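The values are calculated or read from the model by the stated rules, or taken from the named source; none is laboratory data. None of the values given here were measured: they were computed from a predicted structure. Virtual Cβ from ideal backbone geometry, glycine too; neighbours counted across all protein chains shown.
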Amino acid sequence: MGKEILVLTGSPRKHGNSDQLADAFIRGAQSKGHRVHKFEAAFKDIHGCRGCNQCWPVETEPCVIKDDFFELAPLIETCEVAVFVSPLYFWGFTAQLKAAWDRFYAYRRKAGVQRLAIKESALLLTLGDTEDATYKHAVGTYQDIAEYIGWKDRGIVVAKGVNDKTDILGHKALARAEVLGKSIEST
Ligand SMILES: Cc1cc2nc3c(=O)[nH]c(=O)nc-3n(C[C@H](O)[C@H](O)[C@H](O)COP(=O)(O)O)c2cc1C
């Protein structure tokens, strides 16, 4: 049976490089019968975690901040696979993706722990530079989060040397992202 897959994107550029990489992954995953939920954090109203530690003020609500995280929450409670997608911004993820990601914090606390359905993860990254060293921090951050929460990494696809939206057309990373999507195993 196909899996429910969350694709969480972070670029504020519509149909930009990372969005096209996400769509390549989605094509691959859907061709294998998976159901994909694309959530574009940059086009949602998601605030940063306030560190108030008031998570789960009531049983059904993970956070005291009432914003579009309440649209994302049902997805992270049901999707077995999460794919994080971002352009590199100053050696890291975009603020929009990070804001959404930080809000997962609630699921590491109290009653929330058992509600996070994600078991597997993947990372799709685009950047203007062509040096591997440039994205090592972002990859390291992803790997550390995955290890900390206990997600099995299913793969990392990086498209280097892409700046303008059309730069990614024909890039080898698109095919790799599609293959990664196809490689997600059904249950
Ligand atoms: C604010 C900002 C910061 C960036 N920082 C980096 C960086 O540190 N290293 C890099 O190689 N590219 C950097 N870039 C370039 C983007 O990562 C690159 O153009 C990416 O492919 C854009 O993806 P998108 O079209 O999905 O937004 C930056 C771009 C912006 C707008």
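Which count do you get for residues in the range 148-178 that are at negative phi, away from the ligand (no atom under 16 Å from the Cβ) and surrounded by 14 or more Cβ atoms within 10 Å (Cβ to Cβ)?
4
Considering (1) in contact with a Pro (Cβ under 7 Å, 6 or more places away or on another chain); (2) outside any loop (DSSP other than H, G, I, E, B); (3) not acidic (Asp, Glu), say which one residue 7 fails and leave the rest.
The number of the failed condition is (1).
Go through (1) surrounded by fewer than 18 Cβ atoms within 10 Å (Cβ to Cβ); (2) of a type outside the set (Lys, Arg); (3) more than 26 Å from residue 14 (Cβ to Cβ) for residue 55 and report which single condition fails.
(1)
State yes or no: is residue 134 at pLDDT 95 or above, buried (at least 18 other Cβ atoms within 10 Å of the Cβ) and of a type outside the set (D, E, K, R)? Even if it seems obvious, please write down each step before you answer.
Working: at pLDDT 95 or above: yes; buried (at least 18 other Cβ atoms within 10 Å of the Cβ): no; of a type outside the set (D, E, K, R): yes.
So residue 134 does not fit the description; no.
Could you run through the range 1-43 and say how many residues are more than 13 Å from the ligand (Cβ to nearest atom), over 13 Å from the mean Cα position of the chain (by Cα), touching a residue at least 40 places away in the same chain (Cβ under 8 Å) and over 21 Å from residue 170 (Cβ atoms)?
9
Residues in the range 97-141 that are assigned to a loop (DSSP other than H, G, I, E, B) and among the basic types (Lys, Arg): how many?
Total satisfying the criteria: 2.
Do we have any residue at all in the range 49-61 that's outside any loop (DSSP other than H, G, I, E, B) and closer than 21 Å to residue 6 by Cα?
Yes, the range 49-61 contains at least one residue that is outside any loop (DSSP other than H, G, I, E, B) and closer than 21 Å to residue 6 by Cα.
Taking the range 62-77 on its own, how many of its residues are closer than 17 Å to residue 7 by Cα and free of Cβ contacts under 8 Å to residues at least 60 places away in the same chain?
Applying the first criterion (closer than 17 Å to residue 7 by Cα) to the range 62-77 yields 68-77.
Going one step further and asking which of them are free of Cβ contacts under 8 Å to residues at least 60 places away in the same chain, we end up with 68-71, 73-74, 77.
The total comes to 7.
Has the range 142-160 got any residue that is assigned to a helix (DSSP H, G or I), in contact with a Pro (Cβ under 6 Å, 6 or more places away or on another chain) and closer than 19 Å to residue 48 by Cβ?
For the range 142-160, residues assigned to a helix (DSSP H, G or I), in contact with a Pro (Cβ under 6 Å, 6 or more places away or on another chain) and closer than 19 Å to residue 48 by Cβ: absent.
Condition check: within 14 Å of the chain's Cα centre (by Cα), within 16 Å of the ligand (Cβ to nearest atom) and assigned to a helix (DSSP H, G or I). Does residue 73 satisfy that? Give the derivation first.
On the way: within 14 Å of the chain's Cα centre (by Cα): yes; within 16 Å of the ligand (Cβ to nearest atom): no; assigned to a helix (DSSP H, G or I): yes.
It is false that residue 73 is within 14 Å of the chain's Cα centre (by Cα), within 16 Å of the ligand (Cβ to nearest atom) and assigned to a helix (DSSP H, G or I).
Could we say that residue 94 is in contact with a helix residue (DSSP H, G or I) (Cβ under 8 Å, 6 or more places away or on another chain), touching a residue at least 24 places away in the same chain (Cβ under 8 Å) and of a type outside the set (A, V, I, L, M) here?
Yes, satisfied.
Going by what's in this entry, would residue 59 be described as farther than 29 Å from residue 133 by Cβ, of a type in the set (Asp, Glu) and modelled with pLDDT under 95?
yes
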